[in-house]
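What follows is a short report on a single structure.
The values are calculated or read from the model by the stated rules, or taken from the named source; none is laboratory data. All values reported here derive from a predicted model rather than from experimental measurement. Here the Cβ positions follow ideal geometry from the backbone for every residue, glycine too, while neighbour counts run over all protein chains shown. Each accessible area value is taken on the protein alone, full model and side chains, heavy atoms only, with ligands, DNA and RNA left out. Shrake-Rupley method; radii C 1.70, N 1.55, O 1.52, S 1.80 Å.
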Amino acid sequence: MADIWHDLKAHAAVREGRSMLSLFDDAGRAARFSRRAGDMLFDFSKTQLDEAGLALLLELARRAEVEARRDAMFAGAKINETEGRAVLHTALRAEAGPILVDGQDVMPGVLATRARMAEFARQVRAGEIAGAGGAYTDVVNIGIGGSDLGPAMATLALAPWQDGPRVHYVSNVDGAHIHDTLQGIDPTTTLVIVASKTFSTIETMTNADTARGWMAQTVADPAAQFAALSSAVDLTTAYGIDPARVFGFEDWVGGRYSLWGPIGLGVMLAVGPARFGEFLDGARAMDEHFRTAPLSDNLPVLLALVGIWHAQVQGHATRAVLPYDQRLSRLPAYLQQLEMESNGKRVAMDGGDLSVPSGPVVWGEPGTNGQHAFYQLIHQGTRVVPCEFIVAAKGHEPDLAHHHRLLVANCLAQSEALMRGRSLEEARALMAAKGLEGAELDRQARHRVFPGNRPSTTLIYPQLTPYVLGQIIALYEHRVFVEGVILGINSFDQWGVELGKELAKSLEPVLSGASDGAGKDGSTLALVAFAQAR
Ligand code: F6P
């Protein structure tokens with residue numbers, strides 16, 4: 001692999017600074033540097049990639065044995081080697097098996113749980129399962145990380161289909177979060193879902209206890225209004241939740257990949273089992289594409305290769321995810337966990353150091369809001385931030401079609417502006433037209449130069465439907481997988497979150513005064529003293 005990385009870097013170095021816009025002198029570029037999966041289009045033509053660069057990247061994918069690793073993942077092999085686990089979130093959206101883990105077909109269990117969830121959701125939505133005060137009007141999903149970000153993002157994304165109870169998401173251990181969420185909702189018509197793969201995450205269990213106390217003030221049997229989503233079914237029973245309202249999943253589902261099964265219950269309650277089924281259909285269609293399309297036409301592979309080109313080959317440390325879709329406003333936060341918890345690692349699968357930088361910092365906000373906040377830096381800062389635009393051709397508000405036209409125009413204008421830039425001559429002409437001259441013209445013009453040549457990709461789809469949302473999320477999941485395989489890391493563990501958790505446990509008694517904090521550093525002790533004094 002070292003030779004290909006070397007060739008790629010040499011290839012990129014030679015092309016650095018060449019005009020991206022001039023690549024479009026070739027009229028076929030847009031078509032050759034874009035691909036479709038179903039009816040979504042991924043355009044990566046506004047990058048410095050050319051045929052030879054793409055060929056090298058595809059060779060990198062071949063040498064990393066992406067196809068064999070992919071097949072191993074779908075087949076239930078224990079590719080999460082540091083935890084000895086299979087990685088089968090794809091089974092959660094599969095229709096049929098067999099899919100074997102340790103010789104056992106997991107599909108009967110998956111389908112049975114999906115059917116139980118659907119029946120539970122139907123009964124809750126129909127008011128057949130109700131709270132002490134009647135049909136559930138509100139659902140409070142308590143979870144964090146993968147037990148929150150996915151369903152919270154998807155519930156918001158599918159707002160046009162919301163015809164069930166209101167679903168709220170509480171994640172932060174900051175009491176403000178649960179306090180503000182519970183204010184104004186009626187405990188007698190509220191269902192609390194405790195979503196935690198391990199059922200031991202301190203933030204979630206603290207919030208669950210608080211919710212139970214809140215409910216106990218008005219409801220005689222609060223446990224009857226609790227449901228649980230977890231792999232640790234024994235712990236849910238110990239917590240007093242009726243097994244009929246516990247939806248379990250296996251350890252071969254990673255937290256940040258768990259949206260498709262029980263962790264998606266909040267989404268299913270909001271939009272109903274049928275729409276949730278369409279969401280799974282979309283993801284399954286992307287799975288099929290990922291499994292069968294040749295590498296050079298494979299959307300997740302190409303999204304990964306463009307990511308690697310920008311992060312590991314060109315050395316850009318961050319990438320911005322910019323959905324021009326207000327209902328995808330939680331997508332960047334969701335992708336931060338998916339990408340950074342998966343590929344933010346410095347040790348390779350074989351225990352050695354990574355030979356190239358780990359996955360990039362992922363960040364973003366919906367357009368057009370971002371344009372009025374941080375796009376300044378993206379256009380004129382000294383750092384290059386590769387941008388990933390995401391946009392629907394059509395909105396959901398027929399009366400507001402002019403809004404949507406403006407939205408799409410802004411999205412396309414940004415990728416055009418990033419590539420095209422504005423030269424000093426153009427800036428000077430603008431200033432001259434405003435009547436400036438001499439030294440003042442020179443000074444003002446320089447501030448108005450856009451270097452351009454800044455890379456972006458655009459993912460465009462017809463409309464944000466449950467099916468399309470499923471396609472998009474599965475696309476990104478597989479992209480993360482491909483990047484991980486090429487970087488040689490295990491994308492499915494997350495040891496990097498452990499140390500902070502352990503230290504928080506040891507600091508809590510210092511803050512309460514139960515421990516003197518012996519062994520803690522001076523900075524930490526001074527901060528503790530400040531907090532204690534107030
Ligand atoms: O932050 C670490 C982590 O383990 C995530 O991977 C996970 O999604 C989150 O905590 C929540 O874990 P659980 O679902 O077990 O409460």
*Percent antiparallel among DSSP beta bridges with both residues in the chain, to the nearest 5?*
30
*Answer with one residue from Val167, Thr137, His447: the one whose Cα lies farthest towards the positive end of the charge dipole of the chain, charges on Cβ with Lys, Arg +1 and Asp, Glu -1.*
His447
*Whole-percent pair-distance distribution, where bins are 5 Å wide, for the alpha carbons of region 99-271*: 1, 9, 19, 23, 23, 15, 6, 2, 1, 0, 0
*Relative to a virtual label point 7 Å from the Cα of Arg36 in the Cα→beta-carbon direction, which members of region 293-320 show backbone nitrogen distances below 20 Å?*
293-303
*asked:* Antiparallel versus total DSSP beta bridges in region 99-271: what percent is that, nearest 5?
replied: 20
*region 259-312 to region 436-454: how many Å between their Cα centroids?*
44
*Any chance you could list the semi-axes, whole Å, largest first, of the equivalent ellipsoid that the Cα gyration tensor gives for region 307-453, using √(5λ)?*
34, 25, 10
*Just report the Cα centroid separation between region 153-190 and region 335-410, whole Å.*
26
*When the Kirkwood radius is taken over all Cα pairs of region 400-505, what Stokes-Einstein diffusion coefficient follows at 10 °C and 1.306 mPa s, in µm²/s?*
84
*Using a 1.4 Å probe, how large is the accessible area of Val87, given in Å² and rounded to the nearest 10?*
10
*Please calculate the 1.4 Å probe accessible area of Arg63, with all protein chains present, and give it to the nearest 10 Å².*
100
*asked:* At a threshold of 8 angstrom on Cα-Cα distance, excluding pairs fewer than six apart, so keeping six or more, what relative contact order does the chain reach in percent?
replied: 18
*Counting only protein chains, not ligands or nucleic acids, how are Lys501, Lys46 ordered by accessible area (probe 1.4 Å), most first?*
Lys501, Lys46
*asked:* Please compute the alpha carbon radius of gyration of region 1-160, then divide it by the globular-protein estimate 2.2 N^0.38 Å. Two decimals is fine.
replied: 1.56
_For region 318-376, place one equal point scatterer on every Cα, skip the solvent, and apply the Debye formula. What is log10 of I(q)/I(0) at q = 0.27 Å⁻¹?_
-1.04
*What percent of all Cα-Cα pairs in the chain falls in each 10 Å bin, counting up from 0?*
3, 17, 25, 24, 17, 9, 3, 1, 0
*Pairs to check: Lys197/Lys501; Lys345/Lys520; Lys78/Lys197; Lys345/Lys501. Give those whose C-alpha atoms are more than 21 Å from each other in this structure.*
Lys345/Lys520
*Can you give the charge dipole size of the chain about its Cα centre, rounded to the nearest 20 debye, using +1 on the beta carbon of Lys and Arg and -1 on the beta carbon of Asp and Glu?*
1100
*Dipole of the chain (Lys/Arg Cβ +1, Asp/Glu Cβ -1, origin at the Cα centre): which of Ser512, Ala333, Gly17 lies farthest to the positive side?*
Gly17
*Taking one equal scatterer on every alpha-carbon of region 211-360, how large is log10 of I(q)/I(0) by Debye at q = 0.09, 0.21 1/Å?*
-0.46, -1.44
*asked:* Per DSSP helix of 4 or more residues, -39500 (n - 2.57); summed, then divided by the residues of the chain. What does that give at 222 nm, rounded to the nearest 500?
replied: -14000 deg cm²/dmol
*asked:* Could you tell me how far the Cα centroid of region 4-73 sits from the Cα centroid of region 195-211, in Å?
replied: 44
